[in-house]
Amino acid sequence: MVRPLLCLLALLTLPAPARAANPVVELTTTAGTIAVELYPDKAPKTVENFLAYVDSGFYDG
């Protein structure tokens, strides 16, 4: 009886899955690194366009 109860209590202590975070892109400059958090729920087309440029390597170098 005690063992199932302990297992149940152990399962209850596990954290719930967190909501997916907004994408973050890091820009590295000569002055340091800048983290840019994107909000697809606020500007979906802009985020999609920006990430397409990032994925294509447009901002590399």
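Read the figures in this text as sums done on the coordinates, not as results from a lab. This is a predicted model, so every value here is computed, not measured. Neighbour counts run over all protein chains shown; Cβ positions are idealised from the backbone, glycine included.
The table that follows gives values for the structure above.
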| read-out | value |
| --- | --- |
| Length added when fully stretched, Ala21-Tyr39, from 0.36 nm per residue minus Cα-Cα | 5.5 nm |
| Pairwise FRET efficiency - Thr29 versus Asn49, Cβ, R0 = 30 Å, nearest 0.05 | 0.90 |
| Ranking of Leu51, Leu38 by count of other Cβ atoms within 10 Å, fewest first | Leu51, Leu38 |
